[in-house]
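Novice: My structure is below; once you've seen it, I'll send some questions.
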Amino acid sequence: MAWIKTVDPEDASGPLHTEYARAQARAGRIWNILRLQSLNPEVLKASVAFYLAVLYGSSPLTRGQREMLAVVVSRTNGCHY
């Protein structure tokens, strides 16, 4: 099993602390997919911005359709997220 070093929320500072605080406010917790990017807060910030743009940005698809596509792709890839 792979092991990836991450920064726990209580140890976060600077930009990472800011991103963790935003994630906590948005989702009520810090998901592991975000923790995996904790060593590079700039990448974490960009990744979250991309996700939010895809999910909530202007699109001919409804939010429900986008969520459904995400579930189908995750299931096909064997990902429980």
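Novice: Taking every pair of Cα atoms in region 1-42, average 1/r, invert it to obtain the Kirkwood radius, and report Rg/Rh to two decimals.
Specialist: Taking Rg over the Kirkwood Rh, I get 0.96.
Novice: Could I ask something else about it? Please identify every one of the GluC sites (Glu not before Pro) in region 7-81 that sits in a loop by DSSP and has no more than 12 other beta carbons within 10 Å of its own beta carbon.
Specialist: none
Novice: Mind checking the full-extension length gain between Ser13 and Val73? Use 0.36 nm per residue of separation minus the Cα-Cα distance, one decimal, nm.
Specialist: Between Ser13 and Val73, full extension yields 18.2 nm more.
Novice: Whats the longest run of the chain with zero trypsin sites (Lys or Arg not before Pro) that are DSSP loop and have at most 11 other Cβ atoms within 10 Å?
Specialist: Looking at the chain, 30-81 is the longest stretch - no exposed trypsin sites (Lys or Arg not before Pro) with at most 11 other Cβ atoms within 10 Å.
Novice: Based on alpha-carbon atoms only, what is the radius of gyration of the chain relative to the globular estimate 2.2 N^0.38 Å?
Specialist: Expressed relative to 2.2 N^0.38 Å, the Cα Rg reads 1.21.
Novice: Assigning unit charges at the beta carbon (Lys, Arg +1; Asp, Glu -1) and nothing else, what dipole magnitude in debye, to the nearest 20, does the chain show about its Cα centre?
Specialist: In total the dipole reaches around 280 debye.
Novice: Using only Cα atoms, locate the centre of region 27-55 and the centre of region 1-24, then give the distance between them in Å, rounded to an integer.
Specialist: Between the Cα centres of region 27-55 and region 1-24 lies a distance of 10 Å.
Novice: What does the extension gain come out to for Val54 and Arg29, with contour length at 0.36 nm per residue minus their alpha carbon separation?
Specialist: Answer, rounded to one decimal: 6.9 nm.
Novice: Run the quick spin-label model on Lys45 and Trp3: label points 7 Å from Cα toward the beta carbon, then report their separation in nm to one decimal.
Specialist: If labels sit at Lys45 and Trp3, their model points lie 3.1 nm apart.
Novice: Would you mind checking the tilt of helix 63-76 against the longest principal axis of the Cα atoms of the chain, expressed as 0 to 90 degrees and rounded to 10?
Specialist: On a 0 to 90 degree scale, this one is about 70.
Every number here is computed from the coordinates shown, using simple stated rules; none is lab data. Bear in mind that the values here come from a model prediction, so they are computed numbers and not experimental data. Cβ sites come from the backbone with ideal geometry, for glycine too, and all protein chains shown count toward neighbours.
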